[in-house]
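Note sheet for the following structure.
We did not get these values from a lab; they are worked out from the coordinates using the rules stated. Because the structure is a prediction, the values reported are computed rather than measured. Methodologically, a virtual Cβ is constructed for each residue, glycine included, from the backbone with ideal geometry; neighbour enumeration extends over all protein chains shown.
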Amino acid sequence: TPYDAVLVGHDTKTDLAVLKISANGLTPAQLGNSDQVQLGETVCALGNPEGLSGSISMGIISGMNRKVRAKSTNFEMDCFQTDAAISPGNSGGALVNLCGQVIGITSSKYGSSTIFDGSYEGLGFAITINEALPIIQELMEQGYVGVRVRIGIQLLENENAHEDAAAHGQTLPKALDGIGVKVVKLAEDSDLRNTILKEGDWILSMNGKEVSDYDSINAAIAGMSAGDSVHCRCASIQENGTLKTYEIDFRLLEDKSGEY
């Protein structure tokens, strides 16, 4: 039976969303405790691949406590690894145990940066329900995940920036080897727009800590709140290939979207 749904809230960082429908006579799913799941336990992934509603694929829990990153945001979450088939159609569906309890939420957006490049069969991931529940609760209560901040930028991590430059026949200055992230785009509401930093420039450090990827950025602003000031050392690449460094201060934004 089709229902009209209303989006209550979503979180881009974790690829989670909450929808609300008006319906009678439905039995809510029973939630399990993902901390009690055992390696090798039989599970089923529910979904709607290619519009084939009510599809179920069976497998086992083939890995526990996998720290896995969303491919688009690099946000890390605690996941189960399973050989149950997970395709785009059942991404976001339930991963259930043989008691019918939801123990995870499948996602095609998550893949280990070290072992998964999308070419392996029988290698899928599901966010553990215990990891997802606090996020879901906040989405239900306020429509977004609180206690997060964002900078208001799109960026290239250091390694990706070097690869992008090489693909265009360019060589970056040696001073950027392993240090810095490239600013690709500034959000309209980013306080960085009130500084001299421009799109295409590099951020080398935040609060005295060198940055080169999402992990180091998160570490540099850990524990900070919206409105807090961040001190950055930045650089722009000159026409002669040298770096011109400068320093700026900007304020963090409240994150209501799950973006950076």
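Rounded to the nearest 10 degrees, the inclination of helix 129-142 to the longest alpha-carbon principal axis of the chain is 80 degrees.
Under the criterion of Cα pairs below 8 Å and six or more residues apart, the relative contact order for the chain equals 16 percent. Bridgeable aspartates and glutamates around residue 20 (alpha carbons under 15 Å apart, same-chain partners fewer than 8 residues away excluded): 4, 138, 141. Placing unit charges on the Cβ atoms of the charged side chains and taking the dipole of the chain about its Cα centre, the candidate lying farthest along the positive direction among 81, 140, 160 is 140. Net length available on complete extension from residue 170 to residue 137 is 7.2 nm, with 0.36 nm assigned per residue and the Cα-Cα distance removed. The alpha carbon centroids of segment 191-214 and segment 154-172 are separated by 16 Å. Distance between the pseudo-spin-label points of residue 219 and residue 163 (7 Å out from Cα toward the beta carbon): 2.1 nm.
Since only 221, 241, 96 are under comparison, the one whose Cα sits farthest along the positive direction of the charge dipole of the chain, derived from C-beta charges on Lys, Arg, Asp and Glu, is 221. Site pair residue 42 and residue 194 shows an inter-label distance of 6.1 nm when each label is modelled 7 Å from Cα along Cα→Cβ. For residue 249 and residue 177, the FRET efficiency from 1/(1 + (r/R0)^6), where r spans their Cβ atoms and R0 equals 30 Å, is about 0.70. Distance between the pseudo-spin-label points of residue 35 and residue 3 (7 Å out from Cα toward the beta carbon): 3.0 nm. Cross-link partners of residue 209 among lysines, defined as those whose alpha carbon lies under 28 angstrom from its own and excluding same-chain residues fewer than eight positions apart: 13, 67, 71, 174, 182, 185, 198, 244, 256.
For segment 190-260, applying the loop criterion from DSSP together with a ceiling of 11 other beta carbons within 10 Å to the GluC sites (Glu not before Pro) yields 239. Residue separation of residue 65 and residue 239 scaled by 0.36 nm, minus their Cα-Cα distance, works out to 57.9 nm of gained length.
Using only Cα atoms and rounding to the nearest 10 degrees, what angle (0 to 90) does helix 158-167 make with the longest principal axis of the chain? It works out to around 80 degrees.
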